[in-house]
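Inspection log for the structure reproduced underneath, given as structure tokens.
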Amino acid sequence: MPKLGMGPVRRRQLIDATIETIHEYGLADATVTRIAKKAGVSPGIVHHYFADKDELLFETMRDMLSDLRRQAVLCLNRAKTPRQRVFAILDASFSSEQFSPEVVTAWLALYASSRNSASLTRILALYHHRLRSNLVDALKKLDPSGAHGFQAEAIAAVIDGLYLRAALNPALHDMNNPKALAVDLVSHFLDSPKSDEP
């Protein structure tokens, strides 16, 4: 029987073990038994806190998105201008925490598996909505007459695309490379004449 108050500790331990196990074995072979072993607990403990592997994966992705959100809030709180808010979102997206090898592997695996998981699709949709909302908010203040939805989607595509390229190419794995590219591209985008939203 788990000790009283151990719930948050165990859940944290199991989520960390899930990320490490996905990195070591890949998503398909990240079994509950392997996750439990990595966490130093029995498989029964895993099932005490999570109904099944799918729920554990969902909670792992939610936890990773919560980390990203916390980083975004910290960066946004330091921003003084709307332009700085746009770049604060880039700072959070390309932070060193988002580029640890384990986190990169887990992101790629969970993103790919979301195509076959309604729960992962839902939580990714929330992430995309939040990213778009933060970008639109900053862009409206930067240029009230702009095509904010189109601009936000373009910047989000830059973030996702450069992260994916860096994640798949070890030569770009230093977060400074994709971040520098993102800052350069978004700077040109913000400074160029605006066209109407299609």
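The values are calculated or read from the model by the stated rules, or taken from the named source; none is laboratory data. Keep in mind the model is a prediction, meaning the values are calculated, not measured. In this analysis, Cβ positions are derived from the backbone assuming ideal geometry, glycine residues included, and neighbour counts consider all displayed protein chains.
With (1) at pLDDT 95 or above; (2) touching a helix residue (DSSP H, G or I) at 6+ places or on another chain (Cβ under 8 Å) as the list, and PHE94 as the residue in question, which single condition is left unmet? PHE94 satisfies all of (1) at pLDDT 95 or above; (2) touching a helix residue (DSSP H, G or I) at 6+ places or on another chain (Cβ under 8 Å) except (1). For region 124-135, the criterion of being closer than 17 Å to LEU162 by Cβ and without any contact (Cβ under 8 Å) to a residue 24 or more places away in the chain is met by none of the residues. Within region 133-143, identify whether any single residue is of a type in the set (D, E, K, R) and in contact with a helix residue (DSSP H, G or I) (Cβ under 7 Å, 6 or more places away or on another chain), and answer yes or no. Scanning region 133-143 turns up at least one residue that is of a type in the set (D, E, K, R) and in contact with a helix residue (DSSP H, G or I) (Cβ under 7 Å, 6 or more places away or on another chain).
Looking at ASP91, ASP67, just one residue is assigned to a helix (DSSP H, G or I), in contact with an Asp or Glu (Cβ under 8 Å, 6 or more places away or on another chain) and of a type in the set (Asp, Glu), and that residue is ASP67. Against the condition hydrophobic (A, V, I, L, M, F, W, C), in a helix (DSSP H, G or I), closer than 24 Å to SER119 by Cβ and within 15 Å of the chain's Cα centre (by Cα), how does ALA17 come out, does it pass? Answer is no for this residue. For region 74-125, filtered to residues that are over 24 Å from LEU185 (Cβ atoms) and basic (Lys, Arg), the residue that is surrounded by the most Cβ atoms within 10 Å (Cβ to Cβ) is ARG122. Suppose the filter is within 16 Å of the chain's Cα centre (by Cα) and farther than 24 Å from THR105 by Cα; does LEU65 pass it? Judged against the criteria, LEU65 is not a match. Those residues that are of a type in the set (D, E, K, R) and either surrounded by 14 or more Cβ atoms within 10 Å (Cβ to Cβ) or within 20 Å of the chain's Cα centre (by Cα) (or both), I need them from region 20-62; list them, please. Across region 20-62, the qualifying residues are GLU20, GLU24, ARG34, LYS37, LYS38, LYS53, ASP54, GLU55, GLU59, ARG62.
For ALA17, state whether it is more than 27 Å from ARG165 (Cβ to Cβ) and at pLDDT 95 or above. It is true that ALA17 is more than 27 Å from ARG165 (Cβ to Cβ) and at pLDDT 95 or above.
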